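As structure tokens, the structure follows; a few thoughts come after it.
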Ligand code: PMP
């Protein structure tokens, strides 16, 4: 029997990077630290408590979690207008993005992004039958705003998604750039939603702003975040988004009922209650990131300026060979970005020391 697979899915393989048990796993931009014991205890207690009610469906609107996310975002990004009704959440920001495509994309519609960028973007588009258009970035991985404005005018996308800091380059947008992109989307016939994907926002360098501060004056702007990176909670699966209420209401229409389990909600709330303790780990990762960038530059590599917990470096004549050499020494990084570049996620000081010595050996 043949499977009636959609022709556009024929021969495709699932997205995913290797999950290998090696000394330094630096390939998927995870937080290298376990949640601290105080957070583990809080999560354990919260799950214990919620378990007694698992015979019932969870709060479909995850009201308390939305409230906690609003409070956290207000503190982290110095914005005080965010209320629970401005927050959406799902199983990772991957699912938040899928909801955005289901609500604002679809057949006959276009989503635009700026390459190189997060490799899941074309997949959300494919899965929601939306046309994906990638406009190339400048050589330094910044966005050519003039070109972007022209492309938006020409392509008339209903969704524009920009990762800031961008994966895999680490490049952050300025608020003026966000304003300019938004202004261009205002001219799209039928409307357009501008999504700034701030999965790595907490790692941004001092003085780099979050687009969240622009939400009050920009009704079709959405800023998405995740607990997978800064909160050391990739395994908990919680991503969220802030926007005006009508945009949130549109996402509520396409979500599956009870999409956030009671356990997920409890775990996320327990971690949010300890965001200050978790911030200490973020500060360590940022310092380690800056040291890594400096060291790579001292070795003569070009390193893209980064506001994230990873850096893109190169050029290598044969990047696959370097990747394999590092892996043979227990260091797993990522072959991604333009030809010749490699991306390394920032690990603990011990892991980064291993990365440095392995790289010196491989390239000796
Ligand atoms: N956006 C970007 C730019 C990412 O790099 C990632 C994770 N690699 C995500 C979104 C998705 O993260 P999650 O689903 O774990 O929240």
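Listing for the model above:
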{"read-out": "Residue that is surrounded by 20 or more Cβ atoms within 10 Å (Cβ to Cβ) and in contact (Cβ under 8 Å) with a residue 60 or more places away in the chain, where the choices are 157, 165", "value": "165"}
{"read-out": "Members of the stretch 130-170 found to be more than 16 Å from the ligand (Cβ to nearest atom) and within 15 Å of residue 120 (Cα to Cα), listed by number", "value": "130, 131, 133"}
{"read-out": "Residues that are within 15 Å of residue 97 (Cα to Cα) and free of Cβ contacts under 8 Å to residues at least 60 places away in the same chain, drawn from the stretch 221-246", "value": "221, 223, 227"}
{"read-out": "Every residue from the stretch 194-209 that is within 13 Å of residue 166 (Cα to Cα) and outside any helix (DSSP H, G or I)", "value": "195, 196, 197, 198, 199, 200, 204"}
{"read-out": "Selection count, the stretch 230-266, where residues are within 14 Å of the ligand (Cβ to nearest atom) and closer than 26 Å to residue 204 by Cα", "value": "12"}
{"read-out": "Filter result for the condition that a residue is more than 11 Å from the chain's Cα centre (by Cα) and at pLDDT below 95, over 153, 252, 237, 205", "value": "205"}
{"read-out": "Selection status of residue 216, more than 25 Å from residue 277 (Cβ to Cβ), surrounded by fewer than 24 Cβ atoms within 10 Å (Cβ to Cβ) and out of contact with any helix residue (DSSP H, G or I) (no Cβ under 9 Å at 6 or more places or on another chain)", "value": "yes"}
{"read-out": "Residues located in the stretch 101-127, provided they are part of a loop (DSSP other than H, G, I, E, B), within 18 Å of residue 90 (Cβ to Cβ) and within 16 Å of the ligand (Cβ to nearest atom)", "value": "118, 120"}
{"read-out": "Residues within the stretch 18-65 that are within 16 Å of the ligand (Cβ to nearest atom) and assigned to a helix (DSSP H, G or I), tallied", "value": "1"}
{"read-out": "Residues of the stretch 302-318 that turn out to be part of a loop (DSSP other than H, G, I, E, B) and crowded, with 19+ Cβ neighbours inside 10 Å, as a count", "value": "5"}
{"read-out": "Subset of the stretch 128-172 (residues that are closer than 19 Å to residue 186 by Cα and assigned to a loop (DSSP other than H, G, I, E, B))", "value": "143, 144, 156, 157, 158"}
{"read-out": "Whichever residue in the stretch 220-229 is farther than 11 Å from residue 30 by Cβ and within 14 Å of the chain's Cα centre (by Cα) and, among such residues, is nearest to the ligand (Cβ to nearest atom)", "value": "226"}
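The rows are residues; the columns are (1) under 30 Å from residue 313 (Cβ atoms); (2) modelled with pLDDT under 95; (3) touching a helix residue (DSSP H, G or I) at 6+ places or on another chain (Cβ under 7 Å).
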| position | (1), (2), (3) |
| --- | --- |
| 98 | no, no, yes |
| 107 | no, no, no |
| 113 | yes, no, yes |
| 116 | yes, no, no |
| 134 | yes, no, no |
| 145 | yes, no, yes |
| 160 | yes, no, yes |
| 177 | yes, no, yes |
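The values are calculated or read from the model by the stated rules, or taken from the named source; none is laboratory data. Everything numeric in this text was worked out from a predicted model, so none of it was measured. Cβ sites come from the backbone with ideal geometry, for glycine too, and all protein chains shown count toward neighbours.
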